[in-house]
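A short worksheet on the structure shown next.
The values are calculated or read from the model by the stated rules, or taken from the named source; none is laboratory data. What you see is a predicted model, and the numbers here were worked out from it, not measured in a lab. Note that we place each Cβ from the backbone using ideal geometry, even for glycine, and neighbour counts take in every protein chain shown.
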Amino acid sequence: MEPFTQLTAVAAPLDIAKIDTGMIVPGRFQRIHRRPGHADFANAFLHDLRFDEYDQPRPDFVLNQPPYKDARILVTAADFGCGSSRESAAYAVLDYGFRALIGPGFGDVFYGNCMQNGVLPVVLADQAVQALRRQLIDAPGANVTVDLPNQTVTAPDGTRYAFDIDPTRKQRLINGLDDVGVTLTHLPDIEAFEARYRAEMPWLATII
């Protein structure tokens, strides 16, 4: 997955609480096959908020407004990503173009799924998130900087907020490593073990 270090980008304010994974990816999109290198879940992302029943864009929805169309950071309200554990919700966030989410809290499983897919979910105090959203509403298209090595978020007015993150997850994101990637860093040890296993217990190696 793509490493995450520092991102300065347009941020979009989404002031809707308790957006669950079923809203992030409606159930009818669950059968989509995700192909490496393709943004297959981009259209599914918040589809029923972005489009009406005739599949026409809702002009009043924030992500359909021109200043926010190139946003790569989403500033959310409380409990974004709550609900079921569908990993496709994290796929959709990434495929739509977001590399960072900022909010007062996220669904636990969704939080982990984002980390596994190269999306950084930043938890800040609710007061800080509200202040950040107000700035983005007052200055549409403004940039926000998310600095993972220094664990800070810099608002358009220069206010800097610190955030916490598990050290192991932090290093994985910085190095672009998911679970498979971490396993592959130990490939020489794995291969050495397999060779030793076959040499010491050939009668077992032939039946496994």
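Tabulated results
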{"quantity": "Residue in the stretch 96-106 that is of a type outside the set (Gly, Ala, Ser), part of a loop (DSSP other than H, G, I, E, B) and at pLDDT below 95 present", "calculated": "no"}
{"quantity": "Asp70 charged (D, E, K, R), assigned to a loop (DSSP other than H, G, I, E, B), at pLDDT below 95 and more than 22 Å from Gly112 (Cα to Cα)", "calculated": "yes"}
{"quantity": "Hits in the stretch 1-43 - residues which are at pLDDT 95 or above and β-branched (Val, Ile, Thr)", "calculated": "Thr5, Thr8, Val10, Ile16, Ile19, Thr21, Ile24, Val25"}
{"quantity": "Matching residues in the stretch 112-156 - criterion: being of a type in the set (A, V, I, L, M, F, W, C), out of contact with any Phe, Trp or Tyr (no Cβ under 7 Å at 6 or more places or on another chain) and assigned to a strand (DSSP E or B)", "calculated": "Val144, Val146"}
{"quantity": "Residue check for Gln127: in the same structural domain as Val25 (by TED's automatic domain parsing) and farther than 11 Å from Val75 by Cβ", "calculated": "yes"}
{"quantity": "Number of the condition not met by Gln135 [criteria: (1) over 30 Å from Arg35 (Cα atoms); (2) crowded, with 21+ Cβ neighbours inside 10 Å; (3) not acidic (Asp, Glu)]", "calculated": "(2)"}
{"quantity": "Which listed residue is in contact with a helix residue (DSSP H, G or I) (Cβ under 8 Å, 6 or more places away or on another chain), surrounded by fewer than 11 Cβ atoms within 10 Å (Cβ to Cβ) and either of a type in the set (A, V, I, L, M) or in the same structural domain as Ile137 (by TED's automatic domain parsing) (or both), from Leu187, Leu204", "calculated": "Leu204"}
{"quantity": "The stretch 43-88, residues that are in contact (Cβ under 8 Å) with a residue 60 or more places away in the chain, buried (at least 19 other Cβ atoms within 10 Å of the Cβ) and not basic (Lys, Arg)", "calculated": "Tyr68, Ala71, Ile73, Leu74, Val75, Thr76, Ala77, Phe80, Gly81, Cys82, Ser88"}
{"quantity": "Condition check for Val109: surrounded by 13 or more Cβ atoms within 10 Å (Cβ to Cβ), under 24 Å from Arg134 (Cα atoms) and either at pLDDT 95 or above or in contact with a Phe, Trp or Tyr (Cβ under 8 Å, 6 or more places away or on another chain) (or both)", "calculated": "no"}
{"quantity": "Answer from Tyr161, Tyr91 - the residue that is part of a strand (DSSP E or B), of a type in the set (Ser, Thr, Tyr) and in contact (Cβ under 8 Å) with a residue 12 or more places away in the chain", "calculated": "Tyr161"}
{"quantity": "Qualifying residues in the stretch 166-192 (those that are without any contact (Cβ under 8 Å) to a residue 24 or more places away in the chain and of a type in the set (A, V, I, L, M)) - the one farthest from Thr8 (Cα to Cα)", "calculated": "Ala192"}
{"quantity": "Count of the stretch 164-208 residues which are among the hydroxyl-bearing types (Ser, Thr, Tyr) and in a loop (DSSP other than H, G, I, E, B)", "calculated": "2"}
